[in-house]
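What follows is one structure encoded as structure tokens, with my remarks underneath.
The values are calculated or read from the model by the stated rules, or taken from the named source; none is laboratory data. Since the structure is predicted, the reported quantities are computational estimates derived from the model, not experimental observations. Don't worry about glycine lacking a Cβ; one is built from the backbone with ideal geometry, like all the others, and counts go over all protein chains shown.
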Amino acid sequence: MQDYQWLDELLEKQMPNMTAKKREIVKAALCLFSEKGYAATSTKEIAAMAGVSEGAIFKHFSSKRELMLSLIDVIIEEIMLTLFYTGLPELLEKEYENYEEFLTALARNRLSIITKGISIYKILIQEIPFHPEIREKLQKKVAQVPMAELFSHLSIRGLELQRPVGEVVITLATCFCGFVQTRYLIVPEFFNRMSPEEREKDMVEFIRFLVKGLELAEPSSVGGSK
């Protein structure tokens with residue numbers, strides 16, 4: 001099994017009443033669902049990886065589907081926002097000369113978190129199309145994230161947006177999700193061949209391109225000629 005020490009620590013902090021055996025089942029399910037997908041994973045495989053009997057799984061969960069939905073609940077309710085907020089207070093306390101500087105710092109911080117929890121991200125991406133209830137839970141949780149407040153806080157420090165906050169947030173989220181999925185889920189073998197310096201350059205160029213687009217694509221120029 002992959003090293004999920006960070007997940008152990010998080011589950012112990014967020015769900016202290018979860019037994020050690022149940023925690024091993026959750027970790028094994030997370031690992032296998034991420035690697036093989038929910039449909040291709042059997043409870044027998046989960047039990048073997050967790051070091052428990054198959055019957056032990058059904059003492060905690062009535063079915064594989066309930067296990068998967070329970071895992072999604074843990075991810076969305078207990079893990080997602082914890083990971084999201086990691087490092088953000090420190091970022092907000094700093095002064096930035098421009099949005100490129102801020103977004104570069106933000107992207108660097110988010111990528112360090114995503115690489116730690118990529119298996120969680122992968123499960124959500126894989127299973128959302130097949131389970132509407134997951135999509136509904138995720139939408140409700142994402143709606144609680146005060147992204148507009150984040151940018152409003154920064155604008156107080158002199159970083160004024162040229163476009164509506166909601167529009168900028170949606171653009172940033174869409175582009176960054178695409179950046180992560182391409183490099184970590186679609187063609188990870190290509191990205192893994194990059195040196196740390198090449199990855200850093202890749203990220204910096206992405207942010208530079210994104211900031212340029214946000215600054216130059218004024219509503220009045222859409223569809224017009226220069």
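The table below gives the values:
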quantity	calculated
Residue in the range 61-79 that is in contact (Cβ under 8 Å) with a residue 60 or more places away in the chain, part of a helix (DSSP H, G or I), among the acidic types (Asp, Glu) and closer than 21 Å to ARG183 by Cβ present	no
Scope the range 10-52; condition closer than 19 Å to THR115 by Cβ, at pLDDT 70 or above and of a type outside the set (Lys, Arg); matching residues	LEU30, CYS31, PHE33, SER34, GLU35
The range 82-109: number of residues that are within 20 Å of ILE120 (Cβ to Cβ) and of a type in the set (Lys, Arg)	1
Helices (runs of 4 or more DSSP H) within the range 102-199 that include 3 or more residues farther than 27 Å from ALA29 by Cβ and free of Cβ contacts under 8 Å to residues at least 12 places away in the same chain	147-156, 165-180
Pick from the range 80-95, criterion of a type outside the set (Val, Ile, Thr) and not in a helix (DSSP H, G or I), ranking: surrounded by the most Cβ atoms within 10 Å (Cβ to Cβ)	GLY87
Qualifying residues in the range 111-149 (those that are among the charged types (D, E, K, R) and buried (at least 16 other Cβ atoms within 10 Å of the Cβ)) - the one farthest from LEU69 (Cα to Cα)	LYS122
Pairs, first under 15 Å from HIS60 (Cα atoms) in the range 10-24, second modelled with pLDDT of 85 or more, C-beta under 7 Å, six or more apart	LYS21/VAL52; LYS21/ALA56; LYS22/HIS60; GLU24/ALA50; GLU24/GLY51; GLU24/VAL52
